[in-house]
1. May I ask you to verify whether Thr47 is in contact with a helix residue (DSSP H, G or I) (Cβ under 7 Å, 6 or more places away or on another chain) and more than 10 Å from the ligand (Cβ to nearest atom)?
2. Please specify each residue of the stretch 39-98 satisfying the condition of being in contact with a Phe, Trp or Tyr (Cβ under 7 Å, 6 or more places away or on another chain) and more than 19 Å from Thr29 (Cβ to Cβ).
3. Give me the residue from the stretch 60-82 that is open to solvent by less than 40 Å² (accessible area, probe 1.4 Å) and over 15 Å from Ala104 (Cβ atoms) and, out of that set, farthest from the chain's Cα centre (by Cα).
Amino acid sequence: MKTSRLAIAACFVFLALTAVSAQTPPDVTLTANPVYEKNCAKCHGKTAEGRHFGGPSLIAEKATATSADDLRNMITNGKGRMPKYASKLTPEEIDMLVQQIKAANKK
Ligand code: HEC
C-alpha cells in the first residue's frame, strides 16, 4: 500500500516536471502563447484552425507556404479585415508569433 502511494506520488512529480518543461520557450506553441490567446484567438480560433466570419486557419498550408517576412508584414501592418499590430505588440512579440506559426506548420 505504502509503495504504491509512493509510486503514484512519483508519477505526479514526473508529470508536473514534464508540464513545466513543455511551457518553456522555444517549445511553446502558438496556441499556448498568451500573446496569441489575448490578441488573435478571437478571430483565428483557440486552436488556430480559423473561425467562420473570423480569420483563416494559421496552421493550414496557405499560412505555411507564406514566408516569415510576409507573415511578419501581415501581422505588423494588417490586411483586409486582419487588424494591424504595429502599435499593439512589440517586434519581439510579433517575431515570436511568426516563428510559432512557422513551427506549427512543420508538423
Ligand atoms: C479582427 C479579427 C482578427 C484578429 C484579431 C486577428 N486576425 Fe489575423 N486575419 C484576420 C483575417 C480576416 C485575415 C484574412 C485577411 C485577408 O487575407 O484578407 C487574417 C489573416 C492573417 C494571416 C495570414 C494568413 C494567410 O493564410 O495568409 C496571419 C498570419 C494572421 N492573420 C495572423 C494573426 C495574428 C498573429 C494575430 C494576433 C496578433 C491575428 N492574426 C489577429 C482576422 C484577424
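The values are calculated or read from the model by the stated rules, or taken from the named source; none is laboratory data. The shown structure was predicted, so the numbers you read here are calculated from the model rather than taken from an experiment. FYI the Cβ positions are ideal-geometry reconstructions off the backbone, even for glycines, and counts take in every protein chain you see. Ligands, DNA and RNA are stripped out before the accessible areas are found, and what is left, the full protein with its side chains, is counted by its heavy atoms. Shrake-Rupley method; radii C 1.70, N 1.55, O 1.52, S 1.80 Å.
1. For Thr47, the condition - in contact with a helix residue (DSSP H, G or I) (Cβ under 7 Å, 6 or more places away or on another chain) and more than 10 Å from the ligand (Cβ to nearest atom) - is met.
2. Thr76
3. Gly78
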